[in-house]
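Trainee: Below is a structure I'd like to ask you about.
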Amino acid sequence: MKKIILLAFAAMSVAAMGNGRGTMVQGDSIQAKDSVEGFQFTTVDSVGITPVKDQNRSSTCWAFSTIGFLESEVLRTKGKVIDLSEMFVVSKTMMDRANYCVRLYNEPRFAPGGSAYDVIYCMEHYGLVPQEAMPGIRYGWTKNDTLPVHNELDHVAGGYLNGLKGLKKLSPVWKEGLQAIYDTYLGKCPEEFEYEGKKYTPKSYAEGLGLRAEDYVSLTSYTHHPFYERFALEVPDNWRMDQMYNVPIDELMSVIDNALAKGYTLAWGADVSETGFTRKGIGVVPDEDNGADITGSDMNKWVGMSADKKKEELTKRPLPEKEVTQEMRQNAFDNWETTDDHGMQIFGIAKDQNGKKYYMVKNSWGTARSDYKGIWYVSEAFMRYKTNDVLVHVDALPKEVKKKLKIKN
């Protein structure tokens, strides 16, 4: 079941293979860089995932990460690899968000972001569709295309909503106008479709997957609300006000570990704006205050380095990290240092060449933008520090956590 995954010399094609549980795991056969430095990872355990996708220049990581999570749930329960449409969820969610903003006189900022809960809400209320029933971007979003079509969509839709500001009365058709914009760029959400020889509606297709919205829970860890109670995390993209269970960070980490050990993945909301989160596939919390010491650099030379060069030095090989506490997490959240930047999927555990633990994370930036074909390796310290929330099946919770949260099923 173990596989050795070493620092990539070049991006290779996506591969899928079994991990001993009858599931599919991505990212074997990555070659080592010819260097004495760098990270070397050995997979300890991993859960089934579907192939890495590319969100391109869109702000829809929340859809890609949670759709990937649901695809893994179907893989776990049915042993079937499926490819769900992210843009069906995006279209439905953006129309709901626009309606929410208009009802509040456009005071909340209309934006293309969202949360894992948006996907669960869509599944429950609108259904889901396979990728081939709604491919998404209709023009300019091909493998090698750099045309920012989704950026254009965001500007056009945002401009439409801004144009409603100041009006004393709205017509009954303003929603049709906005829906036409999304239909033009993303294609229309199908009301019926044929797939694998059967006819479906989005709701009947979702029901056939065997996934139930009530089986999924969100958890977070902050001290400005009581532990073991639920609250709506105060971040802009939680506009549906998803009620998350609040637990101490040690217990949140135990939830992640228990889920992976039992064969479940997690949808992960995190802040990736830190120095330690690189485009090459690493997420760590290096001790920047002692950067010269931990990298063995001359202090005068270190002080004169650019921020980019310091980041490179701090993240090119395993180094000591900060010890992350609950208070440290809270301070970062309260000071706007931790924001809801990005959504990904946690699916495994690995160790580096020093035996240090990392979490394996599926990203949605394609397979060529990291040294590990779209997989990131995130240290325990980073996971403790920069996790905003996780979404997971309720059966993946440890019994003692369920009891404290008064969850009976």
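The values are calculated or read from the model by the stated rules, or taken from the named source; none is laboratory data. Remember, it's a predicted structure, so these values are computed and weren't measured experimentally. Because the Cβ atoms are built from the backbone with ideal geometry, glycine has one as well, and the counts that use them run over all protein chains shown.
Trainee: I need a count of the residues in the range 304-318 that are hydrophobic (A, V, I, L, M, F, W, C) and within 12 Å of G283 (Cα to Cα).
Mentor: Summing the residues that are hydrophobic (A, V, I, L, M, F, W, C) and within 12 Å of G283 (Cα to Cα) in the range 304-318 gives 1.
Trainee: Separate question: Which number in (1) in contact with a Phe, Trp or Tyr (Cβ under 9 Å, 6 or more places away or on another chain); (2) loosely packed, with under 14 Cβ neighbours inside 10 Å; (3) under 24 Å from N151 (Cα atoms) marks the one condition that A180 misses?
Mentor: (1)
Trainee: Give me the residue from the range 336-377 that is of a type in the set (S, T, N, Q), farther than 22 Å from R317 by Cβ and modelled with pLDDT under 95 and, out of that set, surrounded by the fewest Cβ atoms within 10 Å (Cβ to Cβ).
Mentor: Per the stated criteria, the residue is T339.
Trainee: Here is a follow-up. For residues in the range 378-409 being of a type in the set (V, I, T) and surrounded by fewer than 24 Cβ atoms within 10 Å (Cβ to Cβ), which is nearest to V119 (Cα to Cα)?
Mentor: Per the stated criteria, the residue is V394.
Trainee: I'd like the full set of residues that are of a type in the set (A, V, I, L, M) and touching a residue at least 24 places away in the same chain (Cβ under 8 Å), limited to the range 227-245.
Mentor: L233, V235, M244
Trainee: Let me ask something additional. Name the residue, out of V255, V247, V217, V285, that is under 30 Å from V47 (Cα atoms), surrounded by 21 or more Cβ atoms within 10 Å (Cβ to Cβ) and touching a Lys or Arg at 6+ places or on another chain (Cβ under 7 Å).
Mentor: After ruling out the rest, the residue left standing is V285.
Trainee: Right, here's the next one. Are there any helices (runs of 4 or more DSSP H) wholly within the range 139-247 with 2 or more residues that are of a type in the set (V, I, T), more than 19 Å from L84 (Cβ to Cβ) and touching a helix residue (DSSP H, G or I) at 6+ places or on another chain (Cβ under 8 Å), and if so which?
Mentor: Because the criterion is at least 2 residues that are of a type in the set (V, I, T), more than 19 Å from L84 (Cβ to Cβ) and touching a helix residue (DSSP H, G or I) at 6+ places or on another chain (Cβ under 8 Å), the helices (runs of 4 or more DSSP H) in the range 139-247 that meet it are 149-162.
Trainee: Same structure again: Looking at D308, D395, which one is out of contact with any strand residue (DSSP E or B) (no Cβ under 9 Å at 6 or more places or on another chain), of a type outside the set (S, T, Y) and farther than 30 Å from H224 by Cβ?
Mentor: Testing whether each residue is out of contact with any strand residue (DSSP E or B) (no Cβ under 9 Å at 6 or more places or on another chain), of a type outside the set (S, T, Y) and farther than 30 Å from H224 by Cβ leaves just D308.
Trainee: Further question on the same structure: From the list I30, I82, which one is hydrophobic (A, V, I, L, M, F, W, C) and at pLDDT 95 or above?
Mentor: Answer to the check: I82.
Trainee: Further question: Could you tell me which numbered condition V324 fails, if it satisfies all but one of (1) at pLDDT 95 or above; (2) in contact with a Pro (Cβ under 7 Å, 6 or more places away or on another chain)?
Mentor: All conditions pass for V324, except number (2).
Trainee: Continuing with the same structure: Taking the options Y228, Y205, name whichever one is farther than 16 Å from Q326 by Cβ, of a type in the set (F, W, Y) and modelled with pLDDT of 95 or more.
Mentor: Y205
Let's see how each residue does on (1) at pLDDT 95 or above; (2) farther than 21 Å from K373 by Cβ:
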| residue | (1), (2) |
| --- | --- |
| D34 | no, no |
| V44 | yes, no |
| V47 | yes, no |
| C61 | no, no |
| T77 | yes, yes |
| M95 | yes, yes |
| N106 | no, yes |
| V119 | yes, yes |
| E124 | yes, yes |
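Trainee: Any idea how many residues of the range 47-91 are over 16 Å from W268 (Cα atoms), not in a loop (DSSP other than H, G, I, E, B) and not hydrophobic (A, V, I, L, M, F, W, C)?
Mentor: Residues flagged as over 16 Å from W268 (Cα atoms), not in a loop (DSSP other than H, G, I, E, B) and not hydrophobic (A, V, I, L, M, F, W, C) within the range 47-91 amount to 6.
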